[in-house]
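Accompanying notes for the structure given below.
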Amino acid sequence: MTREEKSYWERTTMRPLRRRRLLGGAALAGAGAAAFGLVGCGDDDDDKDNGGNGGGETPSPGATGTTAPQPTPTLAPKKGGTYTTGFTGTIGGVAPFSSNYGGVYPIALCYNYLFVYSLFNPGLGYVYDLATKHKAEADNVTWVFNLRPDAKIAPNKYGIAERPLDADDVKASFDFIADKANGTNAYAPFAQYFEKWDAPDKQTFRLITKKPYAFTESVLSHNLYCPIVPKEWIAKGPAQTKTDIVGAGAFMLKELTEGQQDRMEPNPNYWDKGRPYLASVVSKVYADQVTYRTAFQSQQIDAYGPQHKDEAQELMKAEKDLIFRTGPTLNYNSFWMNIKQKPWDDPRVRRAVNMAINRKEFIDIIGRGDGYPIGPITYAFEAEALPKDELAKLQPFDVAGAKKLFQEAGISEFKFQHPTASNIADYVTIFVRQMQAAGVTAKAEPLDAGTWYGQYQNSSLTASLSLNQQYNTPDLAVTWYRTGGITGNDRFSTGFSDPEVDAAIDKAASTLDAKQRASAYHDLQRLLYKKDPAFINFFGLRSQSVARPHVMNYPYYGATNINYQLNKNVWINKA
């Protein structure tokens, strides 16, 4: 089958799970999914505390070390109440196949997916949504999905019938994703690995890949990649679908105010009767980390993503009953270089920047010592990430060497852009200081989140300190180095292209044996360092999350797709 990786989450918190040929039996749906404990860019708000902060480890109690209050198995959920969360940045619209900032939250809650699945939480199995079961045939390229007949479209003002979704909607969604002209998030894996798909009948969808692909299930369940959208809504066009949502998911979008908030309410036609429990979900937009934190401290929002462990401890001292979660995460920040613009077309300059970066300083100051140097693949993918000692040799901290390369290239200064959201300013201060030590003046150009995002999406920035998504497989993480960039259609692309690298990416992703695949990813990363790539990662964080104890069934697992799906089980325990 598709994976046997062992991650930090599996090794520290999950029992081993044997994958079966028929994949329907491990589903978590309806009442079975509700009994969980305790919910960003380039592509997802990495400080938004909606479940996107990674993790999956045992919850930590409050600062005193006592056990924090938890929902009991016998406590009956209450209907009603509002769950309010927040993030820094911008919403950026809700186009279902191409939005990737704050808009991903309502997209994931208001549309359906075939199922959601996390490499880091295999014990959860498959949380089925539009599909009721699926299987991979013996040829390892044919996938068959059986669909439920009762996933009805929510009430809407556009005249779209409140009918059940069917296989034609899945096909229409896949057809749209696969068209390069549409600029979709999932174009890269679709173009590279998916050959064809069809709808044999209304309740059956079939996908055939070009070759065995180790991460088919992860792509299909990725919250940015494969929402299933009613075919009539797709036909309205991207200009319309960017501003509103018509879907059959657990919630309906009721308000979308850029720069302020989005608000969702339950879909009365939702197939999982009795859910969602909440009367509404609100996601508020904040200009920076300070206002985001202040909103939490003043009880305006129910959950918050601290920047580091010290901040989390400080908050728990002030509120001793907070629920605290921490764990590994796939989020990280990076330096992105546009090789279509000088000086980034010179590989010596790209190599010099990497050599001038002192990752330990970033970890000590921003992570408060809680983090790990990373290469193209983050530490959380334990099998696929390079060993620490080898990584240190391949990307050494060498100020003298960096200074020599900058001088050889004739570079004494360069400029770069960055968003003003989150805590990016802290990265900027350290980065500028480290470049100065290597003999160059790095001129920072701050942009508001919306402007920065638009230019980043269009690949028109010169260089950027960039927020990044959770890339929930090793393949997605290294797609930054593939021709066409992370989306395969030149959105967010550095312009880097190398046929040898492309072939190595394909080899790794098409290897089904876990040990052989890990070895292939090691070889790929060694190759990348020889090519002086235009995308450099700083370090891998650990996530921190705090929520108030009245937020019940607060989902906190190692991938956003799982967390988003389980928002339907959240309820508010207030008198």
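Only the coordinates and a few stated rules stand behind these numbers; no lab work does. Quick caveat, the model's predicted, so the values are computed rather than measured. Cβ: placed from backbone, ideal geometry, glycine included. Neighbour counts: every protein chain shown.
Using alpha carbon centroids, what distance separates segment 516-575 and segment 209-276, in Å?
20 Å
Would you compute, for the Cα atoms of segment 436-575, the largest minus smallest coordinate along each principal axis and list the three values in descending order, in whole Å?
Computed over segment 436-575, the largest-to-smallest principal extents equal 60, 46, 32 Å.
From the phi angles alone, apply the Karplus equation (6.51, -1.76, 1.60; θ = phi - 60°) to segment 203-212 and give each ³J(HN,Hα) in whole Hz, x where the residue is Gly or Pro.
Ordered by residue, 3J(HN,Hα) equals 10, 9, 10, 10, 10, 10, 8, 5, 7, x Hz.
Considering the options Gly485, Pro347, Pro266, tell which one lies farthest towards the positive end of the dipole of the chain, charges being +1 on Lys and Arg and -1 on Asp and Glu at the Cβ, about the Cα centre.
Value: Pro266.
Under 23 Å from the Cα of Lys133, which lysines turn up, not counting those fewer than eight places away in the same chain?
The qualifying lysines are Lys152, Lys171, Lys196, Lys202, Lys210, Lys211, Lys231, Lys273, Lys568.
Given a Förster distance of 25 Å, report the FRET efficiency between Ser519 and Asp389 from their Cβ-Cβ distance, rounded to the nearest 0.05.
Details: r = 17 Å, r/R0 = 0.68.
For R0 = 25 Å, the calculated efficiency reads 0.90.
For Gln313, what is the net charge nearby, where nearby means another residue's Cβ is under 13 Å from its Cβ and Lys, Arg count +1, Asp, Glu -1?
Numbers: positive: Lys309, Lys317, Lys320, Arg368; negative: Asp310, Glu311, Glu314, Glu319, Asp370.
So the surrounding residues net to -1.
Mind giving me the nanometre distance, one decimal, between the label points for Lys135 and Asp198, set 7 Å out from Cα along Cα→Cβ?
Taking the simple label geometry, Lys135 and Asp198 are separated by 1.9 nm.
Please work out which option in [x] 35, 28, 23; [y] 86, 35, 24; [z] 51, 28, 20 gives semi-axes √(5λ) of the Cα gyration tensor in Å calculated from these coordinates, and answer with its label.
[x]
So for the pair Val144, Gln436, with labels modelled 7 Å out along Cα→Cβ, what separation do we get in nm?
6.6 nm
Measure off 7 Å from each Cα along the Cα-to-Cβ vector at Lys317 and Ala400, then give the distance between these two points in nanometres to one decimal.
4.3 nm
How much FRET efficiency would the formula 1/(1 + (r/R0)^6) give for Gln341 and Glu361, where r is the Cβ-Cβ distance and R0 is 22 Å, rounded to 0.05?
Values: r = 28 Å, r/R0 = 1.25.
Computed FRET efficiency for Gln341 and Glu361: 0.20.
If we sort 533-545, 308-320, 368-380 on the protection proxy, mean other Cβ atoms within 10 Å, highest first, what's the order?
Numbers: 533-545: 24.2, 308-320: 16.1, 368-380: 21.7.
Ranked from most to least packed, the peptides come out as 533-545, 368-380, 308-320.
When Ser519, Ser221 are ordered from fewest to most other Cβ atoms inside 10 Å of their Cβ, what list results?
Details: Ser519 15, Ser221 24.
Result, fewest neighbours first: Ser519, Ser221.
Once the principal axes of the Cα atoms of segment 329-542 are found, what is the range along each, listed largest first in whole angstroms?
Reported extents, whole Å, longest axis first: 46, 35, 35.
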